[in-house]
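Enquirer: Below is the structure I would like to discuss, written out as structure tokens.
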Amino acid sequence: MFDRISRWYDLLNHLLSAGQDMVWRRRGVKRLLRMGRGVFLDVATGTGDVAFEIKRQSPQSLVVGLDPAEKMLEVARKKALRKGLSVLFVRGEGERLPFKDGAFDGVAIAFGIRNVEDRRATLSEFARVLKRDGVLVILEFSKPEGLAGKVYNLYFHHILPLIGWVVSGDREAYTYLPRSVEEFPAPEQFARELMEAGFSRVLMEPYTMGICYCYTAFKEV
Ligand SMILES: C[S@@+](CC[C@H](N)C(=O)[O-])C[C@H]1O[C@@H](n2cnc3c(N)ncnc32)[C@H](O)[C@@H]1O
């Protein structure tokens, strides 16, 4: 599905979130870099925006982006050349990370944990490839509540899929988005899943009225 929409992915991200997606990534990467420079992995990197943001905020860090969708990676590699940023993009899945234990100072995944087939295995893999004092940052959509939530839901479930369909020509991809957010656990429950996977402390921050959540998790030492 992501291979099919790779051409339109960035444009629709910025359009459908009114540019907020870039603000969320920037804030999430700040959390990831709290310990300074190092070796970082961006899982479900897609077209690479989180990986580029890490490199932008910390030029001396080593950054690897991983994703199973080859066409998304093609877009990412072209963007890296255009931006003059050196990021290594590799094909792979979160459930089976092709890296040794303790290889990374930080792992990030933005709007991707919702898409993996086996969330439990993926979270355990994140804990495995992190160093002892490593940090995991997860950005994911959530379901805002109250009146603002009602208005947003109207947009998210009815208007967004229509715009996504018209621009990308792919109906399924943009009905999948609200459906998968609906099925994703509430923030407190997801934080519990992180603890079960071997993280000792989880910070949860709502961004933009809780449309997006940033989870910062610290590996148990
Ligand atoms: C919504 S995009 C997010 C891309 C990027 N992180 C961003 O912030 O725009 C979700 C990505 O998850 C990837 N994905 C799907 N299944 C995956 C898996 N099992 N492991 C890792 N990535 C996966 C898709 O190929 C897609 O590029």
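Enquirer: Do you know which of the residues in the stretch 172-199 that are small (Gly, Ala, Ser) and within 23 Å of residue 3 (Cα to Cα) is surrounded by the fewest Cβ atoms within 10 Å (Cβ to Cβ)?
Expert: In this case the residue turns out to be 180.
Enquirer: Now for a separate question. Mind checking which residues of the stretch 1-25 are near the ligand (Cβ under 9 Å from one of its atoms) and surrounded by 16 or more Cβ atoms within 10 Å (Cβ to Cβ)? Explain how you work it out, then say what you get.
Expert: Filtering the stretch 1-25 for residues near the ligand (Cβ under 9 Å from one of its atoms) gives 1-3, 6, 9-10, 13, 21, 24-25.
If the condition is that a residue be near the ligand (Cβ under 9 Å from one of its atoms) and surrounded by 16 or more Cβ atoms within 10 Å (Cβ to Cβ), then 2, 6, 9, 10, 13, 21, 24, 25 are the ones that fit.
Enquirer: Let me ask something else. Could you tell me which residue of the stretch 115-128 is farthest from the chain's Cα centre (by Cα), considering only residues that are within 13 Å of the ligand (Cβ to nearest atom) and surrounded by 17 or more Cβ atoms within 10 Å (Cβ to Cβ)?
Expert: Going through the stretch 115-128, the residues within 13 Å of the ligand (Cβ to nearest atom) turn out to be 115-123, 125-126.
Checking which are surrounded by 17 or more Cβ atoms within 10 Å (Cβ to Cβ) leaves us with 115-116, 119, 122-123, 125-126.
Details: 115: 10, 116: 11, 119: 13, 122: 13, 123: 13, 125: 15, 126: 13 Å.
Per the criteria, the residue is 125.
Enquirer: With 108, 76, 127 as the choices, which residue is touching a strand residue (DSSP E or B) at 6+ places or on another chain (Cβ under 9 Å), in a strand (DSSP E or B), modelled with pLDDT of 95 or more and of a type in the set (Gly, Ala, Ser)? Step through it out loud before you land on a result.
Expert: Values: 76 fails: in a strand (DSSP E or B); 127 fails: in a strand (DSSP E or B).
The unique qualifying residue is 108.
Enquirer: Just one of 95, 70 is surrounded by 15 or more Cβ atoms within 10 Å (Cβ to Cβ) and within 11 Å of the ligand (Cβ to nearest atom); which is it?
Expert: Exactly one of 95, 70 is surrounded by 15 or more Cβ atoms within 10 Å (Cβ to Cβ) and within 11 Å of the ligand (Cβ to nearest atom), namely 95.
Enquirer: Then there's this: If I filter the stretch 44-65 down to residues being of a type in the set (A, V, I, L, M) and over 19 Å from residue 13 (Cβ atoms), which single residue comes out as farthest from the ligand (Cβ to nearest atom)?
Expert: 62
Conditions tested, residue by residue: (1) farther than 27 Å from residue 221 by Cα; (2) outside any loop (DSSP other than H, G, I, E, B); (3) within 15 Å of the ligand (Cβ to nearest atom).
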position: 81; (1), (2), (3): yes, yes, no
position: 90; (1), (2), (3): yes, yes, yes
position: 101; (1), (2), (3): no, no, no
position: 112; (1), (2), (3): no, no, yes
position: 131; (1), (2), (3): no, yes, no
position: 134; (1), (2), (3): no, yes, no
position: 139; (1), (2), (3): no, yes, yes
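Enquirer: Still on this structure, I have one more. Is there a residue in the stretch 26-43 that is under 20 Å from residue 81 (Cβ atoms), under 12 Å from the mean Cα position of the chain (by Cα), among the acidic types (Asp, Glu) and within 11 Å of the ligand (Cβ to nearest atom)?
Expert: yes
Enquirer: Looking at residue 107 and the list (1) within 14 Å of residue 42 (Cα to Cα); (2) surrounded by fewer than 21 Cβ atoms within 10 Å (Cβ to Cβ), which single condition is not satisfied?
Expert: (2)
Enquirer: Just one of (1) assigned to a loop (DSSP other than H, G, I, E, B); (2) surrounded by 18 or more Cβ atoms within 10 Å (Cβ to Cβ) trips up residue 86, so point out which.
Expert: Every condition holds for residue 86 apart from (2).
Enquirer: Of everything in the stretch 74-89, what is of a type outside the set (Asp, Glu), under 12 Å from residue 47 (Cα atoms) and over 16 Å from the mean Cα position of the chain (by Cα)? Give them in sequence order. Step through it out loud before you land on a result.
Expert: First, pick out the residues of the stretch 74-89 that are of a type outside the set (Asp, Glu): 75-89.
Add one more test, that the residue is under 12 Å from residue 47 (Cα atoms), and what stays is 75-80, 87, 89.
If the condition is that a residue be of a type outside the set (Asp, Glu), under 12 Å from residue 47 (Cα atoms) and over 16 Å from the mean Cα position of the chain (by Cα), then 75, 77, 78, 79, 80, 87 are the ones that fit.
Enquirer: I'm told residue 143 meets every condition in (1) buried (at least 20 other Cβ atoms within 10 Å of the Cβ); (2) away from the ligand (no atom under 16 Å from the Cβ); (3) within 25 Å of residue 14 (Cα to Cα) except one. Can you identify the failing condition by its number?
Expert: Answer for residue 143: the failing condition is (1).
Enquirer: So, in the stretch 56-88, how many residues would count as being farther than 15 Å from residue 110 by Cβ and touching a Leu at 6+ places or on another chain (Cβ under 6 Å)?
Expert: Total meeting the criteria: 1.
Enquirer: Which pairs turn up if I take residues in the stretch 167-179 that are among the acidic types (Asp, Glu) and look for partners that are within 14 Å of the ligand (Cβ to nearest atom) and not in a helix (DSSP H, G or I) with beta carbon separation below 9 Å, at least 6 apart in sequence or on another chain?
Expert: Correct list of pairs: 170/1; 172/1.
Enquirer: Restricting to the stretch 12-41, what's the tally of residues that are part of a helix (DSSP H, G or I), modelled with pLDDT of 85 or more, aliphatic (A, V, I, L, M) and more than 21 Å from residue 116 (Cβ to Cβ)?
Expert: Summing the residues that are part of a helix (DSSP H, G or I), modelled with pLDDT of 85 or more, aliphatic (A, V, I, L, M) and more than 21 Å from residue 116 (Cβ to Cβ) in the stretch 12-41 gives 3.
The values are calculated or read from the model by the stated rules, or taken from the named source; none is laboratory data. Quick caveat: nothing in here was measured; it's all calculated off a predicted structure. Please note: Cβ atoms are built from the backbone with ideal geometry, for glycine as well, and neighbour counts cover all protein chains shown.
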